[in-house]
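Since the structure comes first, as C-alpha cells, the remarks are kept for the end.
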Amino acid sequence: MRRPFLLSLGALAFALGCSAAPTPLPALTDRTGDGTRSSSSALESNRGSGQPLVFQVKRYPDNSPYDLKSDRGQVVLLDVWATWCEPCKDALPMYAQLQKEYGSRGFKAYALNVDEDVRAIPPFLEEAKVELPILLDANALVSERLLKVRLMPTTFLIDRKGVIRHVHEGFAEEFLQKFQTEIEQLLAEPAS
C-alpha cells in the first residue's frame, strides 16, 4: 500500500506543476496573499471531536523516540514531506524561520518524513538547508492512516491541547501570511 501512496502523491505533485528551482523566501513580516487549501479529512477526525492527536515516531538521525504528547502546551507545526517533493525544498526552510520567530513563545516545528530509504534525507537537508527536527514516519503509517495525507507537503497546525486546528495541502510562499496569522491565534489561546 505504501508504494501506490507515494507514487500517487508524486504524480499529483508533478501534475500540479512543482518547481524544480527553489525561490528566495519572503521576509517574515510580509503580510500578503492567502492561497491555502484545507483538508477536511484530518480536521473532521480530530478537530471536530476535539480529540488530541496521538502518535509516536522516531527522530532522525538517532532513532530516539518522539511522542507528540511531549509537546502538549506548545503550538506545533507538523509538516509531512518527502525528499522527492520539490515544494518541500521551499517549505521546510520557511518553517525553520517560523520556529525562530515564534519558538520563544511556545511554538515548535517538525518535519515528518515518509521516505522509504532514509539515506535520501541527508543530501536533501543539505541542499534545502533545512534546520528543523526531522521525524521518521516508518511505512507512512501516521501520514496515511492517521492524518489521511493526500498531497506533499501537507502541513498541520496543532493547538496547545494537541488538537489539529488547521491543515494546508501543498505549498506556496504566499501561504506565509496565513501561517503567521494562524500561529499567532493559536499562541494567544490558553494551554488548558
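Within region 116-130, being surrounded by 16 or more Cβ atoms within 10 Å (Cβ to Cβ) and touching a helix residue (DSSP H, G or I) at 6+ places or on another chain (Cβ under 9 Å) holds for PHE124, LEU125, ALA128, VAL130. The criterion of at least 2 residues that are open to solvent by 20 Å² or more (accessible area, probe 1.4 Å) is met by the following strands (runs of 3 or more DSSP E) wholly inside region 47-101: 56-60, 65-67. Does region 119-139 contain any residue that is farther than 13 Å from VAL80 by Cβ and polar (S, T, N, Q)? The answer is yes; a qualifying residue exists. Looking across region 178-192, the residues that are modelled with pLDDT of 95 or more and of a type outside the set (Phe, Trp, Tyr) come down to LYS178, GLN180, THR181, GLU182, ILE183, GLU184, GLN185, LEU186, LEU187, ALA188, GLU189.
Any residue at all in region 71-83 that is without any contact (Cβ under 8 Å) to a residue 12 or more places away in the chain and either touching a strand residue (DSSP E or B) at 6+ places or on another chain (Cβ under 6 Å) or closer than 26 Å to ALA188 by Cβ (or both)? Among the residues of region 71-83, not one is without any contact (Cβ under 8 Å) to a residue 12 or more places away in the chain and either touching a strand residue (DSSP E or B) at 6+ places or on another chain (Cβ under 6 Å) or closer than 26 Å to ALA188 by Cβ (or both), which makes the answer no.
Among the residues of region 102-115, just one is farther than 26 Å from PRO190 by Cα and open to solvent by 10 Å² or more (accessible area, probe 1.4 Å), namely ASP115. Taken over region 136-192, the criterion of being surrounded by fewer than 19 Cβ atoms within 10 Å (Cβ to Cβ) and among the β-branched types (Val, Ile, Thr) is satisfied by VAL163, THR181.
Residue count for region 136-192, restricted to those that are among the aromatic types (Phe, Trp, Tyr) and under 22 Å from ALA120 (Cβ atoms): 1.
The values are calculated or read from the model by the stated rules, or taken from the named source; none is laboratory data. Given the structure is predicted, the values throughout are model-derived calculations rather than measurements. Please note: Cβ atoms are built from the backbone with ideal geometry, for glycine as well, and neighbour counts cover all protein chains shown. SASA here: full protein model, heavy atoms, side chains in, ligands and nucleic acids out. Shrake-Rupley method; radii C 1.70, N 1.55, O 1.52, S 1.80 Å.
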